[in-house]
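One structure is given below, encoded as structure tokens.
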Amino acid sequence: MKVLLINPPAQGIYDTFNIKFPPLGLAYIAAVLKEHGYEVQIIDLNVEENLWENLNKKWDIVGISGDTSRYPIALKIASQIKKYYHYPIVMGGPHVSFFEKETLDTGVVDYVVRGEGEYTALNLLNTLKKGKNPSTVKGITFMKNGNLIKTTSAPNIENLDKLPFPARELLPMDKYRKLIFQKKPITTLVTSRGCPFNCYFCSSSQFFGLKWRTRSPENILSEIEHLIKRYDYHRFAFMDDNFTLNPQRVIQISKEIINRKLNIKWWAFSRVDELLKNEKMISSMAKSGCRMLFLGIESVSQKILDSYNKKITANDSLKAVKLLKKYGISTWGSFIIGGLEETKKMILNTIKFSKLLNPETVQFSILTPFPGTRLYQDAINAGIITRKAWQYFDGAHSTMKTKYLNPKEIQRLILKTYIDFYGHPQKFVKIFPIVIRYLITLPSKKAREKRLEKIIQCGSS
């Protein structure tokens with residue numbers, strides 16, 4: 001059975017600045033399918049343009065993934081495939097997991113895989129291959145005789161070590177080497193799934209579950225060594241929602257990196273409160289090559305932090321950033337503006353706070369009601385969503401009106417956050433070479449739109 005997996009192209013800020021990483025979600029699914037005898041190919045449309053020529057190879061099924069902002073283009077691709085090739089189409093990812101009826105009602109998707117896709121996709125393909133009833137497969141939704149069939153949810157994968165490494169051999173790995181960290185190309189890996197914190201604006205706890213599940217340090221180090229030997233990567237980004245939830249695990253991983261003399265540099269996602277309670281962990285990370293941590297600082301206002309269910313204070317963030325600097329670890333500070341009860345003054349105070357903290361890198365985002373979050377449900381109930389086009393749900397566009405601010409005001413304020421933070425000569429000198437490097441290689445907006453049109457419409461040729 002031949003399976004084609006498609007990663008739709010990004011269109012937002014990540015595409016603008018050429019930030020492209022391998023689609024590990026699809027690569028994990030591909031690895032599991034290959035392990036069970038399926039012939040699999042991945043087309044990553046962020047870095048490739050050969051979709052339509054590959055569709056002529058006669059596939060038995062096509063799988064498409066995509067987050068909320070890429071959902072519209074994923075549907076357009078599915079529509080063209082249905083029109084010209086008539087292949088059965090499976091779609092997965094957070095957005096369709098929460099909006100399976102909307103997805104199936106389009107008529108261009110045959111099956112929705114909900115939640116973690118590796119073994120659900122395998123079970124679905126095994127069932128279809130044998131000609132059996134798909135309603136026996138847990139974790140899928142489909143239409144039958146005009147009726148929506150939603151099967152029992154599939155259990156999350158408890159032992160992540162049993163998953164094979166992502167099938168990176170099916171991806172053009174040389175095309176992901178443009179993003180530089182600590183003077184060398186960086187790549188990604190994931191060492192855990194699930195998040196117990198259930199933040200107001202985040203869907204991860206709903207998609208991957210509240211239970212935190214981890215890979216063993218031995219399994220993680222084996223993948224790092226594989227990436228070093230096969231692809232010559234020495235810089236790594238751990239993309240877990242929360243890499244540092246278990247300090248002893250982090251210390252063990254750090255010690256193994258040192259014992260194996262890997263000489264790598266890396267960054268990860270963490271939380272302010274976890275750092276403050278575990279200075280020994282920070283010391284161990286620094287010794288093993290940790291050079292940056294991503295922290296969700298979000299706001300200086302305690303009222304806003306409480307509304308996000310962050311369980312931290314601004315003073316906690318200040319202490320955490322200082323603690324990281326003590327050990328030579330940079331901070332990538334994440335801030336959110338546009339809270340439902342946030343005033344302009346609160347946002348301006350958060351900008352001032354970001355400059356006081358002085359993290360090496362900042363990310364300002366607009367609060368966005370992503371499907372699957374409690375924020376989305378509250379926004380729907382209150383009738384405050386002003387944009388219904390999913391491509392704008394990317395954290396860079398305002399999609400809600402709030403108690404004190406309208407979307408245009410929020411959009412102007414997000415621009416002000418970056419200008420105020422990076423406008424300082426000291427910061428501008430640091431970021432200027434990065435901006436210039438990306439601008440030189442950046443295709444024009446017209447060229448990007450032309451490329452997207454080619455990807456979508458080439459099926460007619």
Only one of these is acidic (D, E) and touching a Phe, Trp or Tyr at 6+ places or on another chain (Cβ under 6 Å): E102, E118, E35. Name it. E118
What number of residues in region 213-240 are open to solvent by 50 Å² or more (accessible area, probe 1.4 Å) and of a type in the set (A, V, I, L, M, F, W, C)? 1
When residues of region 361-414 are filtered for being within 17 Å of the chain's Cα centre (by Cα), over 30 Å from R291 (Cβ atoms), hydrophobic (A, V, I, L, M, F, W, C) and assigned to a loop (DSSP other than H, G, I, E, B), how many remain? 1
Output for Cβ contacts, cut-off 6 Å, separation at least six or different chains, first residue closer than 16 Å to K352 by Cα and modelled with pLDDT of 95 or more in region 296-321, second assigned to a strand (DSSP E or B) and not hydrophobic (A, V, I, L, M, F, W, C), reads I297/G333; V321/T331
So is L357 of a type outside the set (S, T, Y), over 23 Å from A10 (Cα atoms), out of contact with any helix residue (DSSP H, G or I) (no Cβ under 8 Å at 6 or more places or on another chain) and open to solvent by less than 30 Å² (accessible area, probe 1.4 Å) or not? no
Residue selected from region 168-193 under the condition at pLDDT 95 or above and in a strand (DSSP E or B), by the criterion surrounded by the fewest Cβ atoms within 10 Å (Cβ to Cβ): K184
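Listed here are the residues, each with its yes/no results for (1) of a type in the set (A, V, I, L, M, F, W, C); (2) over 19 Å from A121 (Cα atoms).
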position: L33; (1), (2): yes, no
position: Y38; (1), (2): no, no
position: V47; (1), (2): yes, yes
position: K58; (1), (2): no, yes
position: I61; (1), (2): yes, no
position: S65; (1), (2): no, no
position: T68; (1), (2): no, yes
Which residue out of E53, E116 is among the charged types (D, E, K, R) and surrounded by 18 or more Cβ atoms within 10 Å (Cβ to Cβ)? E116
Considering each of G37, G63, G25 in turn, give the residue that is modelled with pLDDT of 95 or more and in a loop (DSSP other than H, G, I, E, B). G37
Spot the failing condition for I19; the list is (1) in contact (Cβ under 8 Å) with a residue 60 or more places away in the chain; (2) open to solvent by less than 20 Å² (accessible area, probe 1.4 Å); (3) under 17 Å from the mean Cα position of the chain (by Cα), and only one is missed. (2)
When you check S299 against the structure, is it touching a Cys at 6+ places or on another chain (Cβ under 8 Å), farther than 28 Å from P172 by Cβ and open to solvent by less than 10 Å² (accessible area, probe 1.4 Å), yes or no? no
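Every residue in region 128-146 that is of a type in the set (A, V, I, L, M) and open to solvent by less than 20 Å² (accessible area, probe 1.4 Å), please.
At the first step, the residues of region 128-146 found to be of a type in the set (A, V, I, L, M) are 128, 137, 140, 143.
Matches in region 128-146: V137, I140.
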Looking at P164, P196, can you tell me which residue is modelled with pLDDT of 95 or more, closer than 30 Å to S222 by Cβ, surrounded by fewer than 17 Cβ atoms within 10 Å (Cβ to Cβ) and within 22 Å of the chain's Cα centre (by Cα)? P164
Say whether the condition of being open to solvent by 20 Å² or more (accessible area, probe 1.4 Å) and assigned to a loop (DSSP other than H, G, I, E, B) is met by at least one residue in region 68-84. no
Could you list, in sequence order, the residues of region 275-296 that are over 18 Å from S205 (Cα atoms) and either of a type in the set (F, W, Y) or open to solvent by 10 Å² or more (accessible area, probe 1.4 Å) (or both)? L276, K277, N278, E279, K280, S283, S284, A286, K287, R291, M292, F294
Is at least one residue of region 366-378 out of contact with any Leu (no Cβ under 6 Å at 6 or more places or on another chain), under 30 Å from I282 (Cα atoms), in contact (Cβ under 8 Å) with a residue 40 or more places away in the chain and of a type outside the set (A, V, I, L, M, F, W, C)? no
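The values are calculated or read from the model by the stated rules, or taken from the named source; none is laboratory data. This structure is a prediction, so every number in the text was calculated from the model and none was measured. Heads up, the Cβs are rebuilt from the backbone with ideal geometry, glycines too, and the neighbour counts pull from every protein chain shown. Protein only, heavy atoms only, side chains kept; ligands, DNA and RNA dropped before computing areas. Shrake-Rupley method; radii C 1.70, N 1.55, O 1.52, S 1.80 Å.
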